[in-house]
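Trainee: Following this message is one structure expressed as structure tokens.
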Amino acid sequence: GMEGVIVVLGAMAGMVAKACENSSLQSYPSIWSCSQLPFIFADLPENLKKEMFNCKWIMVIEDHVAIGGLGDSLSRAILSGRIPIGEFIHLHVKGYMSGRYGSQEYYRTENGLDAESILLQIKKRTDR
């Protein structure tokens, strides 16, 4: 089966895809972009359901807080669709930890949502 499936909120998908392309990953995860929240299992594309059913891990990446976002919707959809999953990883915003407000890039880096941090999370799972 396939290694992993990554579901990303909106425009972050491009950054995640580029990070994977420019890396030395042994195997590439499948990357899906979500543009609509909330959703239910029935709304998911058939190919995504198939991939999730056959993969070892599912990773959700969003520059949004954990509650009420993509991870919430997807985990609920996975449970109701009875998709067996090995590992569910949710990378999300924890807030402005340093109390300093900066650029979007600074904010993402602080929350582990920059290309380098994301790639590390992927590598941990693909290069075993």
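Trainee: When the residues of the stretch 44-59 are narrowed to those that are in contact (Cβ under 8 Å) with a residue 24 or more places away in the chain and part of a helix (DSSP H, G or I), which ends up most open to solvent (accessible area, probe 1.4 Å)?
Mentor: Taking the candidates together, the pick is Phe53.
Trainee: Please go through the stretch 89-116 and give me each residue that is modelled with pLDDT of 85 or more and among the hydroxyl-bearing types (Ser, Thr, Tyr), ordered by number.
Mentor: Hit for the stretch 89-116 is Thr109, nothing else.
Trainee: What are the residues in the stretch 74-91 that are in a helix (DSSP H, G or I) and touching a strand residue (DSSP E or B) at 6+ places or on another chain (Cβ under 8 Å), if any?
Mentor: Result: Leu74, Ser75, Ile78.
Trainee: Could you please give the count of residues in the stretch 12-43 that are touching a residue at least 12 places away in the same chain (Cβ under 8 Å), open to solvent by 20 Å² or more (accessible area, probe 1.4 Å) and part of a loop (DSSP other than H, G, I, E, B)?
Mentor: Of the residues in the stretch 12-43, 9 are touching a residue at least 12 places away in the same chain (Cβ under 8 Å), open to solvent by 20 Å² or more (accessible area, probe 1.4 Å) and part of a loop (DSSP other than H, G, I, E, B).
The values are calculated or read from the model by the stated rules, or taken from the named source; none is laboratory data. None of the values given here were measured: they were computed from a predicted structure. For neighbour counting, all protein chains shown are included, and Cβ atoms are generated from backbone atoms with ideal geometry for every residue, glycine included. Note: areas computed on protein heavy atoms with side chains; ligands, DNA, RNA excluded. Shrake-Rupley method; radii C 1.70, N 1.55, O 1.52, S 1.80 Å.
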